[in-house]
Amino acid sequence: MTDKTMTPEDVVRRLRSGMTVGIGGWGSRRKPMALVRALLRSPVTDLTVISYGGPDVGLLAAAGRIRTLIAPFATLDSIPLEPHFRAARQAGAFELMEIDEAMFMWGLHAAANRLPFLPVRAGIGSDVMRVNPGLRTVTSPYEDGETFVAMPALRMDAALVHLNRADRLGNGQYLGPDPYFDDLFCEAADSAYLSCERIVDGFKGAPAQSLLVKRYAVTGVVESPHGAHFTSCAPDYGRDEPFQKLYASTPWAEFAERFLSGPDEKSYQCAVQSWHEERT
């Protein structure tokens, strides 16, 4: 058994420009934001990012780190469209492969099972095929003869996810209402890095279904309290709505200078705390 604990900086040192990186979570929920912020402090760029997009996509897009984005959406949930993503996309800063949510999930399943593609009905009869001319269809070899989208596998060089608890071996537990496909992200990647609210010694008495991520699929574990901020990490904490509104309404350069220019995650958390104290 191997102790896989790392720091955010250890994780980022294993990433390289030009990689395909998957980011778990969903919209503005349980995103591995501490790992994303560590990535922003590094020189890594020219990334293909695969994500059910939220502020992870917004931050990386605003910082000019994305070459290609593969996503079904980019939202802050309570703010429907991620504004920094929108600004970068409207400026033509990166390429976008926008697909249906079910197609995205099937792409994760294909990659996790090391298949080149999986057939899916989603996308047939929609503009998904028009705006993604590289997609192909496949015909069932059985007597039904139905035509499906051949959704290509969403293989990744690395995946970043955030869960509520983990042990030092790489097993991860979620305590909230939804797994957000984080297990598929880990299994679809050549290496996977799991940040968590707290590292625990074991999961005695835990419901089996809460043990989402298995150690065989995890390369490194990072203990990062409030590491999903400003997204939610239920039941440990909810979304920081006042701060999210600040993020969405502040020019990127101003936001980055105040909250992202420090040397580590602690400096970010201290800047956020100071901002909240100013408000009160």
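The values are calculated or read from the model by the stated rules, or taken from the named source; none is laboratory data. The shown structure was predicted, so the numbers you read here are calculated from the model rather than taken from an experiment. Neighbour counts are summed over all protein chains in view; Cβ atoms, including those assigned to glycine, are modelled from backbone coordinates with ideal geometry.
Selection of region 234-276 for residues being within 24 Å of L175 (Cα to Cα), among the small types (G, A, S) and surrounded by fewer than 16 Cβ atoms within 10 Å (Cβ to Cβ) yields only G238. Scanning region 185-202 for residues that are surrounded by fewer than 24 Cβ atoms within 10 Å (Cβ to Cβ) and either under 20 Å from I70 (Cβ atoms) or touching a helix residue (DSSP H, G or I) at 6+ places or on another chain (Cβ under 8 Å) (or both) gives E187, D190, S191. Any residue at all in region 197-208 that's in a strand (DSSP E or B), touching a Pro at 6+ places or on another chain (Cβ under 8 Å) and not aliphatic (A, V, I, L, M)? There is at least one residue in region 197-208 that is in a strand (DSSP E or B), touching a Pro at 6+ places or on another chain (Cβ under 8 Å) and not aliphatic (A, V, I, L, M). Quick one: what pairs do we get from region 221-233, first residue surrounded by fewer than 24 Cβ atoms within 10 Å (Cβ to Cβ), second acidic (D, E) and in a strand (DSSP E or B), C-beta under 7 Å, 6+ apart or different chains? Going by the 7 Å Cβ cut-off, the qualifying pairs are P225/E197. For the structure I just gave you, tell me whether D144 is surrounded by fewer than 20 Cβ atoms within 10 Å (Cβ to Cβ) and out of contact with any helix residue (DSSP H, G or I) (no Cβ under 9 Å at 6 or more places or on another chain). Yes, satisfied.
The residues in region 89-104 that are crowded, with 21+ Cβ neighbours inside 10 Å and part of a helix (DSSP H, G or I) can be counted, and the count is 2.
If you check M1, M19, M97 for being under 27 Å from Y174 (Cβ atoms) and touching a strand residue (DSSP E or B) at 6+ places or on another chain (Cβ under 9 Å), only one passes: M19.
Taking A71 as the residue in question, decide whether it is modelled with pLDDT of 95 or more and in contact with a strand residue (DSSP E or B) (Cβ under 9 Å, 6 or more places away or on another chain).
yes
Counted as qualifying within region 239-280 are the helices (runs of 4 or more DSSP H) with 3 or more residues that are touching a residue at least 24 places away in the same chain (Cβ under 8 Å), namely 241-249, 265-279. The residue that is farthest from A158 (Cα to Cα), among those in region 203-220 that are among the aliphatic types (A, V, I, L, M) and surrounded by fewer than 19 Cβ atoms within 10 Å (Cβ to Cβ), is A206. Give F94, F73, F85 a once-over and let me know the one that is more than 25 Å from F243 (Cα to Cα) and among the aromatic types (F, W, Y). Step by step, each of F94, F73, F85 is checked, and only F94 is more than 25 Å from F243 (Cα to Cα) and among the aromatic types (F, W, Y).
Quick check on region 174-184: of everything there that is crowded, with 21+ Cβ neighbours inside 10 Å and not aromatic (F, W, Y), which residue is farthest from K204 (Cα to Cα)? The extreme case among them is L184. Restricting attention to region 147-173 and to residues that are surrounded by fewer than 20 Cβ atoms within 10 Å (Cβ to Cβ) and of a type in the set (A, V, I, L, M, F, W, C), the residue that is farthest from the chain's Cα centre (by Cα) turns out to be F148.
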